[in-house]
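S.K.: My questions all concern the structure below.
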Amino acid sequence: MTMHIARLKIENILGIKNLEFEPQTGFNEIAGPNGSGKTSVLEAIKAATGAGHDATLLRNGESEGEIVLVLDDDSTTEIRRRVREDKSDTEVRRDGKKLSSPVSTLKALTDMISVNPVDFLRAPKKDRVRVLLDSMPLEADATRLSELAGIPLKLTEGTHALQAIDAVRKQIFDERTGTNRAVKEKEGTINQLTEAMPEMPGGVDGDEDSLTQQLETARVARDNELERVRLKLGGIQKETSDTIQRLRDEAQAKIDAIKAELEQSVDAQRNELAGVELKANQQRDRTKAKFDETAAPLNAALAAIRANRDLAAKRKQQQALIEQMRDEYDELVEEAAKLTAALNGIEAYQSELLSSMPIDGLEVRDGEVFRHGVPLDRINTAGQVQIAVEVAKLRAGQLGICCLDGVELLDSESYSELKKQIEQTDLQMFVARVDDKPFTINPDEA
C-alpha cells in the first residue's frame, strides 16, 4: 500500500515561519514569487525523512525548528523532526506510540523522496542511465549470454542485465564491423591482384633444351667450317712456299738469265695467293653470317621461353595468392554471419528480458536511455515526461512522495503533461512553481 502525507506542519524552517496544511493525494502545486517559501516546503519534506544534522535548515534568528508529517496509513503514522543549532532528532509514532528505531522505519518508507522527474529529464545521459538501472534491477544469465555471444563471459556481481547486454552487444558489433571491413579490404585486394594478373605466355615452337641443342649444333658447324678453311689455306700457303723455294733453287744457277722471268712468276704466284686469301676471307664471312642467321631466331626463341617461364611462375604465384585471399575472404564472411547471428540472439534475449520490465520498451544502449529503439532526447515531450514519472514511481518507497523544483524550465505543454501523468499514478507530488501572485498552495483549488 502506498502512503501519502495527510497533514504537513512546518515551523521555523528555512523561509517559513509557520505553515500547516493538508496536501492532496495527487498533485500539489506550491506557487508564489521568488523567496516566498516554495522551495522551503520541498526541503522541509525531504529533511523530515532524512538523516544527519543540518543547522542551515533553521530559519534565521530561530533556535529551534520543527517539521511534522502525518501519514494517511491505517496506523496514523506521525514523523516529527526537530532541528536545533547543535543537533537534529527524529521521532516516529504509530497509533500514538513512539517507535524505538525511527531511522530504519524511515528507510523502509522512503527512497530519497523518490526521483524528481524534472531533474531526470535534465540530467546528463550517464546519470539518467544510473537512475534507471537502480530503479529496475535485473540480472542477466551469464551462461546464456555467453552462448548467444559465442565468447566466454564473466559478469561482475551486481552488473545490471541491460549494462551487460549493451557491453556484449557493443563488443560483438565492433568485432563484426572490423570483420566486415576486413572482408571489403580482402575483396579489394583480390580484385586488384586479378586485374594485375600477367597475361598467359604466347606460344613458341620447341622447348629450351631443344633450341639450346640446335644452337650448339650450329656453333660446332661454324667452327668446323672455319677450321677447314684454315687448313686448306695453310696447305695452299705451304705448297706455294715450297714451289717458290724450288723455283729459287732451280733458278739460282740461271739467276742472271732468268731474273726477269723469275720476278714475273713470283708476282703471278703472289697475285694468285691474294686471290685465294680473298676467297678464304669471303668464305669466312659467309660462314659467320650463316651462323648468325641460324642463331638469331634460336636466341630469340630461347629469350621468349625464358621470359615465358618467369611470367608463368609469377602468374602461378599470384594465382596461389588469390586462392589464399579467397579462402580468407570466405572465412571472414562466415565469421561476420556468425557475429550477426550472435547479435540477433542477444537482441532477442534482451527483448525477452525487457518484456518483464516494469516500464515497457525501455533499454540502455551505448550509455543512453532508449525506448522502443528511440533515444530519450528524441522522444516527444509527452513521452519523455511519461518515462520520467514512471521512473519516479518505481523509485518511490511505501511513502509515495515526489518533490519537484525547477519546473520553470518546462514549457506549458510539458508542465500540463507532467500534471496529467502524475494524476494517473498513486504518487503524491509537491511542485514548486514561480508565480507573481502571493504564496499559495493548490491555487486552482482555492
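S.K.: Short version: ³J(HN,Hα) in whole Hz for each residue of the range 182-187, in order, from phi by Karplus 6.51 cos²θ - 1.76 cosθ + 1.60 (θ = phi - 60°), x for Gly and Pro, what are they?
M.R.: Whole-Hz 3J(HN,Hα) from phi for the range 182-187: 5, 4, 5, 5, 5, 5.
S.K.: Among the listed pairs K170/K393; K186/K316; K184/K338; K186/K314, give every one whose C-alpha distance is greater than 26 Å.
M.R.: Pairs exceeding the cut-off: K170/K393.
S.K.: Just how far, in whole angstrom, is the range 359-404 from the range 298-312 if you go by their alpha carbon centroids?
M.R.: If we compute the Cα centre of each part, the gap is 78 Å.
S.K.: While we're here: Can you tell me the alpha carbon radius of gyration of the range 282-428 divided by the globular rule-of-thumb value 2.2 N^0.38 Å?
M.R.: Compactness ratio reported: 2.70.
S.K.: Placing +1 on the Cβ of each Lys and Arg and -1 on the Cβ of each Asp and Glu in the chain, which of T381, L298, P33 has its Cα farthest towards the positive end of the resulting dipole?
M.R.: Towards the positive end, the residue furthest out is L298.
S.K.: So for the chain, averaging the separation of alpha carbon pairs under 8 Å that are six or more residues apart and normalising by length, what relative contact order in percent results?
M.R.: 31 percent.
S.K.: Let me ask you something else. Which whole-Hz ³J(HN,Hα) couplings does the range 419-424 yield from phi under the Karplus relation 6.51 cos²θ - 1.76 cosθ + 1.60, θ = phi - 60°, glycine and proline marked x?
M.R.: Computed from phi, the couplings for the range 419-424 are 4, 4, 5, 4, 5, 8 Hz.
S.K.: Given H placed on each backbone N at 1.01 Å, which residues far from R365 in sequence or on other chains put an amide H within less than 5 Å of it?
M.R.: F370
S.K.: Would you mind checking which residues have amide H under 5 Å from E29's amide H? H placed 1.01 Å from N; only 5 or more apart, or other chain.
M.R.: Distant-sequence amide H within range of E29: V431, N442.
S.K.: Show that you can apply the helix-only estimate: for the chain, add -39,500 (n - 2.57) for every DSSP H stretch of four or more residues, divide by all residues, and state [θ] at 222 nm to the nearest 500.
M.R.: -20000 deg cm²/dmol
S.K.: Continuing with the same structure: Taking R0 as 51 Å, what's the FRET efficiency between D256 and A295 from their Cβ-Cβ distance, rounded to 0.05?
M.R.: 0.30
S.K.: Where the Cα atoms of the range 211-302 are projected onto their three principal axes, how long is each span, largest first, in whole Å?
M.R.: 68, 16, 7
S.K.: Per residue of the range 369-378, in order, report the coupling 6.51 cos²θ - 1.76 cosθ + 1.60 (Karplus, θ = phi - 60°) as ³J(HN,Hα) in whole Hz, putting x for Gly and Pro.
M.R.: 7, 10, 9, 6, x, 10, x, 4, 5, 9
S.K.: Whole Å is fine, so just give me how far the alpha carbon centre of the range 1-48 lies from that of the range 124-197.
M.R.: Here the two parts' Cα centres lie 48 Å apart.
S.K.: So in the chain, what percent of DSSP beta bridges are antiparallel if you round to the nearest 5?
M.R.: 75
S.K.: Using the count of nearby Cβ atoms within 10 Å as a rough guide to exposure, how do T179, T294 rank from fewest to most?
M.R.: T294, T179
S.K.: Please enumerate, by chain and number, the lysines with C-alpha under 29 Å from the C-alpha of K279, excluding those fewer than 8 residues away in the same chain.
M.R.: Cross-link targets: K232, K238, K288, K290.
S.K.: Amide H neighbours of L138 under 5 Å, at least 5 residues apart or on other chains, H built in the peptide plane: list them.
M.R.: A161
S.K.: Using mean projected area of the Cα convex hull in nm² as the read-out, say which of [x] 20.4; [y] 48.0; [z] 29.4 was calculated from these coordinates.
M.R.: After the calculation, the listed value that fits is [y].
S.K.: Relative contact order of the range 208-338, please, whole-number percent, based on alpha carbon pairs below 8 angstrom and at least 6 residues apart.
M.R.: 48
Every read-out reported here was derived from the displayed coordinates using simple, explicitly stated rules and does not represent laboratory data. Treat the numbers as computed from the prediction; the structure is a model and nothing was measured. So basically every Cβ, Gly included, is an ideal-geometry build from the backbone, and we count neighbours across all protein chains shown.
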